[in-house]
Every structure is written in structure tokens, then in C-alpha cells.
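Here's a structure for you.
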Amino acid sequence: LVRLVRGHVAAVLKYPRGREVPLDDTFRDLGFESLTAVELRNRIAGATGVDLQLTDVLNYPTVEELAEFLSDEVPENGSGGAATDESDSDSLVSLYLRGVEQGRPHDAMGLARMAGRLRESFGDSSDAAALVGISRLSVGSGGPALVCAVPPVSPITDAAYSFIAPAMQRPRDMWTMWPPGFTDGQPLPPDLPSLFEAQRRALDEHVGTGPLVLVGYSAGGWVARAFAEYLEERNRPADAVVLVDIYLPASDRNEVRGRFMQEQAGRQELFAGGKTGSMASQLGAMGRYVTLFDTWEPVPIRTPTLHLRAAESLPGLPAFTADEQFPTTLCARTVDLPGNHYTLLTEHAEAAAAALHDWLTELFGNH
């Protein structure tokens, strides 16, 4: 298994030969980030038949440790699952990817929006809370629960949060909150209040009603910030909000949305299937969420808000000021951290975790 893991690490990181991969260096030291970590997970899961999670790759972060973990997990006659064939040249997925590749992101997103409009919506009932996926990332030793809103985009993943949880200076209760509708056959929220009420009920059931910090990376920041507004309006505010390199939905009207869509399009095949829905289901769900947030503009809230901002812009994009990304008048503090939008929480997870730890200590003390 050491040889198998080493070989896949070499393939992902473009080493000429597997034996050149150091056995004791951590995957992060070798240069892994969220995309390559997921590719490694998928490769090893396909080769061994193990239902390997991204957190397993991070919890056993060297070739030897991961191989030892796999030795107890590999089934006698395991085999990887087959991906759904969505290669038809006229399928939603193919047309969407073609539009992105041809530099027509508005048309591509238009397809996703239309697919989202045609999807079923859930009603205003307690059953809707069951559609919100709440998963624990780490167990802490007191203090507020950190609930991380998974970005409602395709391909959907909580990979970035999986990197920052183990980098925290002390263990904290961290959860991910998955948006409804990204699993095949799941209905979508008809409007934002319905989404937020379902999330509130799901958090009450799974996390409890204690101190709460909402965390939102990228488009997950839309969800976290708007949810905080909803909770304030109902007189049960969150205790803090942490936004991580958030661009407002209005960025749809400039080159930012197109650049992000190009980046995400290259990741589709890595994330589709498994515990999430098919690529077509995910695109339709993304289209619905983008439409729901079209008219949302953040308003001032009393809840303390921090914006952790990537100091580097993505290649091909101009540098944006903090106010252009997320108005500083709407958050208590903006902290610039090393890395760009995709490396802030992966290659530079320690710096992001330190800034988050300092903010939480300032607000809540050493609890």
C-alpha cells in the first residue's frame, strides 16, 4: 500500500517516479491544496474500493500514515464506483462547460439558472430542515460552535474547511452546513427565508442553541452573512460572522464571475457523484442559488463580522480593494492574509487559522 499511495501522490504532483516522493513529508509540505487533495482521494478510493474521505487524507498526512490507515480499510475484493455518463454533447453539463470554455460565462450560467427554475422546490415545513446537511468537522474543548456554510456552487465541496479545522491553534467545535438541493432528487429552496428557516431548525437539532459563529468562504459567505441578517431579524442573532474572501453576487456583472467559473469548470469531474449529486443536479442547484441571491445586498448588522481577505488576486484578474470585494462599512474588521482565493485556506491554512483564533479570543476570551 505504501507503493500504491506513493505512486498516486507522484501522479498527482507530477513526480517522475513514485520512489522520489518523500515518505515522511506531509502532503501539505509536498504542495497539496484542495484540488490536488481531492484528486488523490479519488485516485486511491478508485484503486482500493475504500470509501475514503478528504478528512482521512488530512488526518493521515504522510505516505506511510495513509498507507497504514488503508491497510485496515481495504476490502478483500474492493473496486471503485463508476461515474455517471454525462458526456452527451448536448447535455446540460456539456453545454455549460462548452460555454465556459468559449468565454461565454453569462450564457453558461443562463443554462444553469434555467435548470434551477425547472427543479422542484420544498415547502415551508419542518421536513425542510432534514434537507440541510450538517456534518461535524472537529470536536473542541468549549467555546462557540463554528458552523461553516458550504458554498452553493458546482462542484460542491467542503474541502477548504477541511484544511483549516486541523490548523486551528486549539481544537474547536466545527461543523459544515451543506445547502439543500445538491443531491439527486432533492428539492431546492423556493426563496431565501425558506432556506434560512430550514437551516435554523437543522442547527437547533444537530448543533444546539448555544453560542454560534457563522463562517462563510467564497459564495458560502453569501449564505453566512444573509443568514446572520435573518437571525438578527428574529431576535436570535449569531455571536459572530467570519467571511473568507467573499465577492458579492454583483460580481456577476464583471470578469470575476467568469474567472471563477473557468476555475470551477476544471474541477467538475473530481467532485461529481459520491455523497453529492450528479454534475447536472449540481449545476441546476447552483443556478437556483445564484438566482436567489441576485437581489440580495448585505445590510448593516450588529453581529461582529470579520473578513479574512486573500492578499493576492487570481491570475488574470485585477487587484480589488477590500471595499470592492465586501464593503468594509459592513464588517468590523478586514484582515489581509497570504495566498489567493484558492490557496488562502489550503497552502496558507495556518495563517488563516491564526487570524481566526485571534478574532475568537478577542470576542470570547479563552473559551
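The values are calculated or read from the model by the stated rules, or taken from the named source; none is laboratory data. Keep in mind that this is a model prediction, so the values were computed, not measured. Positions of Cβ are generated from backbone atoms using ideal geometry, with glycine treated the same way; all protein chains shown enter the neighbour counts. When the accessible area is computed, the model is the full protein with side chains, heavy atoms only, and any ligands, DNA or RNA have been set aside. Shrake-Rupley method; radii C 1.70, N 1.55, O 1.52, S 1.80 Å.
Can you compute the charge dipole magnitude of the chain about its Cα centre, using +1 on each Lys and Arg Cβ and -1 on each Asp and Glu Cβ, nothing else charged? Give it in debye, rounded to the nearest 20.
Dipole of the chain, to the nearest 20 debye: 320 debye.
Would you mind checking which residues have amide H under 5 Å from Trp175's amide H? H placed 1.01 Å from N; only 5 or more apart, or other chain.
Those qualifying (amide H under 5 Å, at least 5 residues apart or on another chain) are Leu137, Leu146, Val147, Cys148.
Return the carbon/sulfur percentage of the accessible area of segment 1-73, one whole number, probe 1.4 Å, all protein chains in place.
The C+S portion of the solvent-accessible surface of segment 1-73 is 43 percent.
Considering only protein heavy atoms, what per residue accessible area in square angstrom results for the chain with a 1.4 angstrom probe?
44
Please calculate the 1.4 Å probe accessible area of Phe163, with all protein chains present, and give it to the nearest 10 Å².
The accessible area of Phe163 comes to roughly 0 Å².
Follow-up question, since we're still on this one. Just read off the accessible area of His341 with the full protein assembly in place, 1.4 Å probe, to the nearest 10 Å².
Accessible area, nearest 10 Å²: 10 Å².
Once you have the Cα-Cα distance between Thr209 and Ala311, take 0.36 nm times their residue separation minus that, and quote the gain in nm to one decimal.
33.2 nm
Report the FRET efficiency, 1/(1 + (r/R0)^6), for Arg104 and Thr321, where r is their Cβ-Cβ distance and R0 is 35 Å, rounded to 0.05.
Approximately 0.80, to the nearest 0.05.
Moving on. Nearest 5 is fine: what % of DSSP beta bridges in the chain come out antiparallel, could you say?
Antiparallel: roughly 15 percent of the beta bridges in the chain.
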